[in-house]
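The values are calculated or read from the model by the stated rules, or taken from the named source; none is laboratory data. Source: prediction; values computed, not measured. Because the Cβ atoms are built from the backbone with ideal geometry, glycine has one as well, and the counts that use them run over all protein chains shown.
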């Protein structure tokens, strides 16, 4: 799960890194259109089953939403000066799931005490992100569900297993780009990739949870925020590679959502690490 400790990965990255293969060519628009059709079809086949998947190694249970999900308006407002791409609007519903962090204990509804309008705005953001992930992630990802009341969190399925995925945009005073460590370590693979002209992202694959199981991360500063996409292992390594996450980042529709979340935050501001513990 997403905690303040998971963001400053640089503290864990004083160990090192080899090189990943060269970046692939951008996916042609025709292929994207095919993925869009495929995404709608595959979602229809897995929606009912996904709500009862257990969280495996994390010991979490997934339950249907305890009550109707916030409605998704046809045309949610955009922030002043920021125009979210119309193509980022989902053309299918992605029902949220409720995750029991303590098995057998259903979390409270609306734990942050948000207004109805703010909950709806965040739900729209999650729906748009889920729609793009469904289109842009590889076909091996067969289901995508937002986690209710956790705007950064999603559950994805691949190979019959479910995994935590984070798509987070958090305001931060730290605007410096991340750097890969300069000492080699077989447990960490890192490289820097450029997108959207001159922006740099750090692509990481590193052991997590247990030896030999790898998580995938893409992180970068954008505007006044720090952005992170990640998929955590659950008994097996992440089914999505850092390069496959980076393909999402390169899509201009995703960057439109990032810009909107930077202008109108949907998460709490990222606090700087405490020096000296």
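State whether one or more residues within the range 261-271 are in contact with a helix residue (DSSP H, G or I) (Cβ under 9 Å, 6 or more places away or on another chain), at pLDDT 95 or above and surrounded by 22 or more Cβ atoms within 10 Å (Cβ to Cβ). Within the range 261-271 (the criterion being in contact with a helix residue (DSSP H, G or I) (Cβ under 9 Å, 6 or more places away or on another chain), at pLDDT 95 or above and surrounded by 22 or more Cβ atoms within 10 Å (Cβ to Cβ)), the answer is yes, since at least one residue qualifies. Being at pLDDT 95 or above and outside any loop (DSSP other than H, G, I, E, B) is a description that applies to residue 131. Condition test on residue 235, is it part of a loop (DSSP other than H, G, I, E, B), touching a helix residue (DSSP H, G or I) at 6+ places or on another chain (Cβ under 7 Å) and farther than 28 Å from residue 114 by Cα? Yes: the conditions hold for residue 235.
Scanning the range 211-232 for residues that are free of Cβ contacts under 8 Å to residues at least 60 places away in the same chain and out of contact with any helix residue (DSSP H, G or I) (no Cβ under 8 Å at 6 or more places or on another chain), we see that the one that is nearest to residue 170 (Cα to Cα) is 221. Of the candidates 124, 151, 97, 167, the single residue that is more than 29 Å from residue 202 (Cα to Cα), touching a residue at least 24 places away in the same chain (Cβ under 8 Å) and crowded, with 19+ Cβ neighbours inside 10 Å is 97. If the condition is being over 28 Å from residue 146 (Cβ atoms), touching a residue at least 60 places away in the same chain (Cβ under 8 Å) and surrounded by 12 or more Cβ atoms within 10 Å (Cβ to Cβ), then the range 170-183 contributes 179, 180, 181. How many residues does the range 161-187 contain that are at pLDDT 95 or above and within 26 Å of residue 235 (Cα to Cα)? Number of matching residues: 8. The residue pairs whose first member lies in the range 105-117 and is on the phi > 0 side of the Ramachandran plot, whose second member is part of a loop (DSSP other than H, G, I, E, B), and whose beta carbons are closer than 9 Å, counting only pairs six or more residues apart or on different chains, are 110/149.
Residue check: is residue 243 at pLDDT 95 or above, in a strand (DSSP E or B) and touching a strand residue (DSSP E or B) at 6+ places or on another chain (Cβ under 7 Å)? It is false that residue 243 is at pLDDT 95 or above, in a strand (DSSP E or B) and touching a strand residue (DSSP E or B) at 6+ places or on another chain (Cβ under 7 Å).
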